[in-house]
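The values are calculated or read from the model by the stated rules, or taken from the named source; none is laboratory data. Note that the structure is predicted; figures quoted are calculated from it, not measured. Using ideal geometry, Cβ is built from the backbone for each residue, glycine included, and neighbour counts are taken over all protein chains shown.
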Amino acid sequence: MRLSGKTALITSAAGGIDAEVARRFREKGASVFACDTNREQGEKTAASIGAVFILLGATSEESWKAAFATVMERAGRLDILLGVVLTAVECQRALESFAVFPFRETNLPHIAPGSFESLNATLLVA
């Protein structure tokens, strides 16, 4: 895996599989922004692997904008966006709370709701 010099934003990275992915990305030389709603555990995990913690509510457009702004301010680039795992209830809230994107109207059942919001936020700051 060629990750040296890359910048990654990883959601749900306070624990579990995503924390392990964040750790492995750091081992491979990536700059990692570990995001989660659990500030206490997220900060501990980020500190233990040399990542930057960002408090991120994946269903909040404002939270995404703030997270991407932090990445751009601190790293100047974003190469990898990994995560965006939402429960069914969170998916429904996200769909109800964000502006409709033209491609959301298409039938893309394999794309998790929340992905469009993160893509939109990326485009806003890029």
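Observations
- Yes/no for ALA126 being modelled with pLDDT under 80 and not polar (S, T, N, Q): yes
- Restricting attention to the range 47-102 and to residues that are modelled with pLDDT of 90 or more, in a loop (DSSP other than H, G, I, E, B) and touching a Lys or Arg at 6+ places or on another chain (Cβ under 7 Å), the residue that is surrounded by the fewest Cβ atoms within 10 Å (Cβ to Cβ) turns out to be GLY50.
- Number of positions in the range 11-21 that are touching a helix residue (DSSP H, G or I) at 6+ places or on another chain (Cβ under 6 Å) and crowded, with 24+ Cβ neighbours inside 10 Å: 2
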